[in-house]
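So the structure is just underneath, and the comments pick up after that.
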Amino acid sequence: RIIIFPISSTVQLFTSFFHSFTLLLPPLQNAELGKRAPRWIRDNEVTMCMKCKEPFNALTRRRHHCRACGHVVCWKCSDYKAHLEYDGNKLNKVCKDCYHVIIGCTDSEEKKRKGILEIESAEVSGNSVICSFLQYMEKSKPWQKAWCVIPKQEALVLYMYGAPQDVKALATIPLLGYTVDDTPKSADLPHSFKLTQSKSVHSFAADNEELKQKWLKVIHLAVKGETPECQNELQVN
């Protein structure tokens, strides 16, 4: 006698069995990350990011899967990519923990990357190559005023803060490799310049031409991987 089940019931039965089986699988060890496919954590099994512990929501913090460990994480914690051996060494989205394990990042490098935005403005401004307010625009967003700093210890990185005493940077731009366009177009603000790299376009505008030229003197060196010699003379308070 042959028993025929509806397709939907069969699929549901198989899915339930497979999920129960994967629950018995041990979590991947560090040495296995990227070498074999992980157990895929279901979306409905978690209500918060398994890395930063922030709760998920449908608008600003949606669910993503790390292709290395299978954990459900938010977009901030999954903003990394690594080549995974089990997937033919293709580039896959992974969480920050798996990324640093797979590429062999040291603890000091991880600490540096993790805390790069958390350096206080006053800390870098007091020991900087150059710092001042600049108008800033990214892509088609409106212009906004930002406190911009290039620290002496990281003379190839531009930090942007909302104000000079902010304890956390809004963004950072690694300047190496960018192209500098210092000729404003008719639609640009006066004393403006642009940094472009691939699809990234960052527009800046200084209050006057003298300030613009001081920034350009530093940036033209930074995009080539060079640091300015007369750093103190370029300080703008």
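The values are calculated or read from the model by the stated rules, or taken from the named source; none is laboratory data. Just so it is clear, the model here is predicted, and its values are computed rather than measured. No Cβ is skipped: glycine too gets one built from the backbone with ideal geometry, and neighbour counts run over all protein chains shown. Please note that ligands, DNA and RNA were not included when accessible areas were found on the heavy atoms of the full protein model with its side chains. Shrake-Rupley method; radii C 1.70, N 1.55, O 1.52, S 1.80 Å.
For K224, state whether it is at pLDDT below 90 and on the phi < 0 side of the Ramachandran plot.
no
Report the residue count in region 65-82 for those that are open to solvent by 10 Å² or more (accessible area, probe 1.4 Å) and assigned to a strand (DSSP E or B).
Number satisfying all stated conditions: 3.
State which residue pairs qualify: first residue closer than 14 Å to A68 by Cα and open to solvent by 80 Å² or more (accessible area, probe 1.4 Å) and inside region 35-55, second residue hydrophobic (A, V, I, L, M, F, W, C) and part of a loop (DSSP other than H, G, I, E, B) in any location, beta carbons under 9 Å apart, and separation of 6 or more residues or different chains.
K35/L28; R36/L28
Identify all residues within region 196-213 that are assigned to a loop (DSSP other than H, G, I, E, B) and more than 16 Å from C148 (Cβ to Cβ); write none if there are none.
Passing the criteria: S198, K199.
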